[in-house]
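Below: one structure, written as structure tokens.
The values are calculated or read from the model by the stated rules, or taken from the named source; none is laboratory data. On a predicted model such as this, the values are computed, not experimentally measured, just so you know. Glycine also receives a Cβ, built like all others from the backbone with ideal geometry; neighbour counts cover every protein chain displayed. Remember, those area values only see protein heavy atoms, side chains included, never the ligands or the DNA or RNA. Shrake-Rupley method; radii C 1.70, N 1.55, O 1.52, S 1.80 Å.
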Amino acid sequence: LAKTTQPISMDSYEGQEVNITCSHNNIATNDYITWYQQFPSQGPRFIIQGYKTKVTNEVASLFIPADRKSSTLSLPRVSLSDTAVYYCLLRRRALTFGSGTRLQVQP
Amino acid sequence: GAVVSQHPSWVICKSGTSVKIECRSLDFQATTMFWYRQFPKQSLMLMATSNEGSKATYEQGVEKDKFLINHASLTLSTLTVTSAHPEDSSFYICSAGGQGHSDTQYFGPGTRLTVL
């Protein structure tokens, strides 16, 4: 089972940088690390994916150390609309969702 | 990114009736689609893998005779909840994407099923 562990919840304020760390000790050689965002009553939305080192796109950065047993999603300057649940998953044929991290952004 | 649609977005039905949910990949072909279920305040649970032209693969504990899956084309998979009961009320979400380890899975917007 592609198990990941991440904090249940986090709180932040608008304009701050948020870093969510995920642990995946049993990552396999072929696994990519994928992050999704989900708002209530909506399907998950793809944020970013990486294999090693650092990946950056227009919404986030993903940091992966050399041993790949963990990863950190970095959201720069969050806003109220970033309040959501964030899931870290290992990309395999089917995605196994953990509990995710509930991020609450306050004004 | 790629677009996956679902229809209907919500449905209310009486206990004992059957409900069909469609999942379409709008701008790409998907030989494999996945169906998930999500109860309130919980994470997504994989129900089954839908394979184009062949039988679906169900996760342990998911009744294949109750949740019928048909993947008749490369862009459409359907999930039929047969003889629905109130405990089947949930948020059903499908996903589709590439087959490789790096290929992104894209999710549909979900279908809210309420069984009275």
Quiz item: When you go through (1) within 14 Å of chain B (Cβ to nearest Cβ); (2) in contact (Cβ under 8 Å) with a residue 24 or more places away in the chain; (3) outside any strand (DSSP E or B) one by one for A:R93, which number turns out not to apply?
Solution: (2)
Quiz item: Any residue in the range B:99-113 that is open to solvent by 50 Å² or more (accessible area, probe 1.4 Å), part of a loop (DSSP other than H, G, I, E, B) and over 28 Å from A:T101 (Cβ atoms)?
Solution: yes
Self-check item: Hits in the range A:59-90 (condition: part of a loop (DSSP other than H, G, I, E, B) and either touching a Lys or Arg at 6+ places or on another chain (Cβ under 8 Å) or not aliphatic (A, V, I, L, M) (or both))
Solution: A:P65, A:A66, A:D67, A:R68, A:K69, A:P76, A:R77, A:S79, A:T83
Quiz item: For the range A:1-55, which strands (runs of 3 or more DSSP E) that fit wholly inside it have 3 or more residues that are open to solvent by 50 Å² or more (accessible area, probe 1.4 Å)?
Solution: A:9-13
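Here is a yes/no grid of residues against (1) at pLDDT 95 or above; (2) in a strand (DSSP E or B):
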| site | (1), (2) |
| --- | --- |
| B:Y36 | yes, yes |
| B:K41 | no, no |
| B:T80 | yes, yes |
| B:A96 | no, yes |
Quiz item: Is it the case that the range B:18-36 has a residue that's without any contact (Cβ under 8 Å) to a residue 60 or more places away in the chain, closer than 30 Å to A:N30 by Cα, within 9 Å of chain A (Cβ to nearest Cβ) and open to solvent by 30 Å² or more (accessible area, probe 1.4 Å)?
Solution: no
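Among B:S43, B:S9, B:S73, B:S15, which is the only one that is surrounded by fewer than 17 Cβ atoms within 10 Å (Cβ to Cβ), closer than 19 Å to B:R112 by Cβ and away from every other protein chain (no Cβ under 14 Å)?
Working: B:S43 fails: away from every other protein chain (no Cβ under 14 Å); B:S9 fails: away from every other protein chain (no Cβ under 14 Å); B:S73 fails: closer than 19 Å to B:R112 by Cβ.
Result of the check over B:S43, B:S9, B:S73, B:S15: B:S15.
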Quiz prompt | Residues satisfying the stated conditions in the range A:78-90, i.e. surrounded by fewer than 18 Cβ atoms within 10 Å (Cβ to Cβ) and either without any contact (Cβ under 8 Å) to a residue 60 or more places away in the chain or within 14 Å of another protein chain (Cβ to nearest Cβ) (or both) | solution = A:S81, A:T83
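Within the range A:56-77, which residues are of a type in the set (D, E, K, R) and open to solvent by 40 Å² or more (accessible area, probe 1.4 Å)? Explain how you work it out, then say what you get.
Keep residues of the range A:56-77 that are of a type in the set (D, E, K, R), which gives A:58, A:67-69, A:77.
Listed by number, the residues that qualify are A:E58, A:D67, A:K69, A:R77.
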